[in-house]
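Inspection log for the structure reproduced underneath, given as structure tokens.
The values are calculated or read from the model by the stated rules, or taken from the named source; none is laboratory data. Nothing here was measured: the structure is a model prediction, and the numbers come from that model. A quick note on method: Cβ atoms are made from the backbone with ideal geometry, for glycine too, and the neighbour counts reach across all protein chains shown. Ligands, DNA and RNA are stripped out before the accessible areas are found, and what is left, the full protein with its side chains, is counted by its heavy atoms. Shrake-Rupley method; radii C 1.70, N 1.55, O 1.52, S 1.80 Å.
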Amino acid sequence: MLIIFWRARKKAKRAKTRTAQEPGKEHLEKRRRDTRRRQWALALADILMLRNGLKTKDISLTFKIDNAKRQQLAQQVKKELGLKEDLDGGALRGQVADILNHWPGGVGQTPYGFYDQLAARGQVRDALAFDCARTAFLTRCIAGLGWCSDEQAWLVLLLNAQRAQDCFSSWEDYATAYVRARQIWLELHRTPATVAGRDLQIVMQYLEDPFSHWRALPWNEFKIFELN
């Protein structure tokens, strides 16, 4: 009887331990999934981040850059967003908040006729890929420069990522569509052909890089946007 009692007690103790561990495992799995979702959302802008000398490995939206680089980036982003160079403080954050609230209409200024020209050529998906990359990049920069809260930025980043995942079948599909749109963009900016020819090479190298996010993060393994 003592042996039976001892075995039953030991079995109950093991069951209790497993029950206590399950919430912890679920929490860790949720955190892991959330990290990968955020990595995925940011990875849409990896090519633009690298082109601008910014790191892509961290999911933190805080930029660890020196003051000179920060000022240079701030001027560039203000120009891209169509904001005055001397805009600062509450006025800056107010206009940025309005931009983020209306992000489906486009984040940043575009050359006149850019999207119309792509649509006329039947390159609607190319336009979307370009817009997804640009939205991800500018939103991350806005947050990294401290012009909005992380919560505002992540809402846009995750929704932007979900539309990309819904509209393309792979990183290669997304990237090549982006390159085609980028060629039109550079034409409208009268960019020399030597510069324009680099984009496809850079994208293909990143697609083949075993350490890139585009190789590490599956395209359709999970839904990007999930209500928590």
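Taking the stated definitions as given, is Q109 in a helix (DSSP H, G or I) and farther than 20 Å from S60 by Cα?
On the way: in a helix (DSSP H, G or I): no; farther than 20 Å from S60 by Cα: yes.
Answer is no for this residue.
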Filter region 174-183 down to residues that are open to solvent by 10 Å² or more (accessible area, probe 1.4 Å) and either in contact (Cβ under 8 Å) with a residue 40 or more places away in the chain or of a type in the set (K, R) (or both), then give me how many there are. 3
Test R125 against the criterion of being part of a helix (DSSP H, G or I), in contact (Cβ under 8 Å) with a residue 12 or more places away in the chain, basic (K, R) and within 18 Å of A177 (Cβ to Cβ), and give yes or no. yes
Which one is nearest to the chain's Cα centre (by Cα) among residues in region 129-145 that are of a type in the set (A, V, I, L, M) and in a helix (DSSP H, G or I)? A136
Hits in region 120-129 - residues which are open to solvent by 10 Å² or more (accessible area, probe 1.4 Å), touching a Lys or Arg at 6+ places or on another chain (Cβ under 9 Å) and hydrophobic (A, V, I, L, M, F, W, C): L128
Of the residues Q117, Q205, which single one is in a helix (DSSP H, G or I), of a type outside the set (A, V, I, L, M), surrounded by fewer than 18 Cβ atoms within 10 Å (Cβ to Cβ) and in contact (Cβ under 8 Å) with a residue 60 or more places away in the chain? Q117
Kindly indicate whether T35 is within 19 Å of the chain's Cα centre (by Cα) and loosely packed, with under 12 Cβ neighbours inside 10 Å. yes
Looking at (1) at pLDDT 90 or above; (2) open to solvent by 10 Å² or more (accessible area, probe 1.4 Å), find the lone condition where A196 falls short. (1)
The condition from (1) basic (K, R); (2) buried (at least 20 other Cβ atoms within 10 Å of the Cβ); (3) modelled with pLDDT under 95 that R140 misses is numbered (3)
A143: in contact (Cβ under 8 Å) with a residue 60 or more places away in the chain, within 18 Å of T110 (Cα to Cα) and aliphatic (A, V, I, L, M), yes or no? no
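Considering only residues that are loosely packed, with under 15 Cβ neighbours inside 10 Å and either touching a Leu at 6+ places or on another chain (Cβ under 8 Å) or acidic (D, E) (or both), which ones fall in region 44-58?
D58, the sole residue that qualifies.
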Mind listing whichever residues of region 146-166 are free of Cβ contacts under 8 Å to residues at least 24 places away in the same chain and over 23 Å from L73 (Cβ atoms)? D166
